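Each reported figure results from applying straightforward, stated rules to the coordinates on display, with no laboratory input. Just so it is clear, the structure is predicted and the values come from calculations on it, not from any experiment. Cβ atoms come from the backbone with ideal geometry, glycine included; neighbour counts cover every protein chain shown.
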Amino acid sequence: MKTKAVILNLRVARATDFSDELGQKKYGCMYFQQSIKGTFCNQPYFFHENTNLEVFKELYQTEQIWVLAGIFDDVEIIEKRKPIITNETKKYHKSHKSPRPCLCSK
């Protein structure tokens, strides 16, 4: 099984992410929680009728609820890091030729 790392663009949640202009709750919105130390839980959560609203509101008020950024949202790159997942590269025999020649300078 192949494993791939992806980068998600997140932004701090707004009230409109979880309710409409009439105050009706929008269920099904996916969000991520940020810890007090600044790290993110990589488990996605979904806003639904059984969400603990006390905990949710506390996290929301301290800007620890994040949602996926839209395609027109500004994205600020905070820090660039190496991928967490490492894959062992396949070892090719010297006689194996790459399907595309490498044009990088050595």
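For Lys26, the shell of other residues with beta-carbons less than 9 Å away shows a net charge of -1, using +1 for Lys and Arg and -1 for Asp and Glu. So what's the net charge close to His48: Lys and Arg +1, Asp and Glu -1, counting the other residues with Cβ under 11 Å from its Cβ? Local net charge: +1. Taking other C-beta atoms within 10 Å as the exposure proxy, Met1, Met30 rank Met1, Met30 from fewest upward. In order along region 60-74, the Karplus-derived 3J(HN,Hα) couplings, from 6.51 cos²θ - 1.76 cosθ + 1.60 at θ = phi - 60°, round to 5, 5, 9, 6, 10, 10, 10, 10, 5, 6, x, 5, 9, 6, 5 Hz, and Gly and Pro are given as x. Pairs of Lys residues in region 1-87 are counted when their Cα atoms are under 22 angstrom apart and they lie 8 or more places apart or on different chains; the count is 8.
Taking trypsin sites (Lys or Arg not before Pro) across region 11-60, the ones in a DSSP loop with at most 14 further Cβ atoms lying within 10 angstrom of their Cβ are Arg14, Lys26, Lys37. Rg of the Cα atoms in region 1-87, relative to 2.2 N^0.38 Å, amounts to 1.22.
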